[in-house]
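For reference, the structure is listed below as structure tokens.
The values are calculated or read from the model by the stated rules, or taken from the named source; none is laboratory data. Note that the structure is a prediction, hence the values are computed from the model and not measured. A quick note on method: Cβ atoms are made from the backbone with ideal geometry, for glycine too, and the neighbour counts reach across all protein chains shown.
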Amino acid sequence: MEYVIYTDESEKAGQYFGNFYGGALVRSVDLHNVLDQIALKKASLHLNDEVKWTKITANYLAKYIELMDCFFDLIAEDKVKVRIMFTKNSNVATNLSTQQRRETYHRLYYQFLKHAFGLRFAAGPTGERIGLRINLDQLPANKEQNTQFKAFLLGLNRNSDFKRAGVFLREDKIAEVESRRSNRGGRIAEVESHHHGLLQCLDVVLGAMAFRLNDKHLEKPAGQSRRGKKTIAKETVYKHINSRIRLIYPNFNVGISTGKHGMESLWEDSYRHWLFLPKERQVDPTRHKP
């Protein structure tokens with residue numbers, strides 16, 4: 001058995017919340033079915049270009065909602081597990097060295113991959129040995145930092161909880177998934193469209209959470225008394241995503257860590273949020289959300 005995790009990241013420093021990380025986990029036995037369903041749904045909706053939260057408009061609203069229904073049907077069936085992690089600006093980390101602050105991005109990414117899916121509970125009572133494959137969306141840091149980060153991830157194999165659960169990671173199973181979107185003057189990388197579709201759905205969910213938690217649904221164009229059509233369309237997609245989550249968790253609260261019915265919930269639940277709290281922190285009341 002192998003578990004495949006696709007990861008993405010979003011807003012680093014929002015008005016109230018930042019450091020958004022998202023992950024989607026699929027079991028190897030479900031992988032092709034999941035990827036095919038997303039690809040077929042995109043094709044049926046004629047969403048031939050890259051689907052992204054930032055590209056939502058009123059004209060594409062219905063299509064994005066239908067694609068999200070496909071994605072959340074897979075989540076509800078537990079064929080895909082989704083985890084979203086973020087920090088709250090008012091929780092200020094203290095006693096960090098210069099190096100720790102410089103490595104914040106990778107350190108949080110590591111904590112997300114180590115803990116968010118509850119992989120130490122993944123093997124279950126059978127004690128089955130589980131391979132782990134991690135597909136990272138393009139990392140923003142330089143090549144040397146990213147290489148060090150991947151080597152750091154391999155250290156999970158020495159973690160006692162992972163050993164006990166029989167979870168192991170090989171170096172050749174950590175890959176960066178290049179985006180099809182091109183920078184001006186850059187090349188367009190070829191990627192497997194199935195994999196890219198899953199990351200696109202994750203991007204929409206992650207973007208929706210950053211959008212709502214940072215009150216971007218209230219924004220109005222400069223000099224205008226009403227919100228723009230694109231903002232209203234994005235809010236509609238967010239509300240639909242939230243309604244689908246609430247079918248799974250009726251009392252779901254977007255801005256806090258999802259409640260547990262035991263530590264095994266970290267693995268068993270199909271969708272969870274994690275408000276990451278620094279071990280050493282002080283609260284800055286001036287940065288609280290009003």
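Numbers at a glance
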| read-out | value |
| --- | --- |
| Hey, residue 35 touching a Leu at 6+ places or on another chain (Cβ under 8 Å) and part of a helix (DSSP H, G or I) or not | yes |
| Checklist (1) in contact (Cβ under 8 Å) with a residue 60 or more places away in the chain; (2) part of a helix (DSSP H, G or I); (3) of a type outside the set (Lys, Arg) applied to residue 73, failing item | (1) |
| The lone exception for residue 164 - which of (1) within 27 Å of residue 74 (Cα to Cα); (2) basic (Lys, Arg); (3) part of a helix (DSSP H, G or I); (4) modelled with pLDDT under 95 it fails | (1) |
| Among the candidates 114, 150, 143, residue that is under 17 Å from residue 4 (Cβ atoms), without any contact (Cβ under 8 Å) to a residue 40 or more places away in the chain and not aromatic (Phe, Trp, Tyr) | 150 |
| Whichever residue in the range 54-75 is surrounded by fewer than 16 Cβ atoms within 10 Å (Cβ to Cβ) and aliphatic (A, V, I, L, M) and, among such residues, is farthest from residue 197 (Cα to Cα) | 58 |
| The range 223-263, residues that are of a type in the set (S, T, N, Q) and either surrounded by 13 or more Cβ atoms within 10 Å (Cβ to Cβ) or at pLDDT below 95 (or both) | 224, 225, 231, 236, 242, 251, 257, 258 |
| Residues that are among the small types (Gly, Ala, Ser) and over 23 Å from residue 210 (Cα atoms), drawn from the range 246-281 | 262, 265 |
| Matching residues, the range 126-160, being in a helix (DSSP H, G or I), at pLDDT 90 or above and charged (D, E, K, R) | 158 |
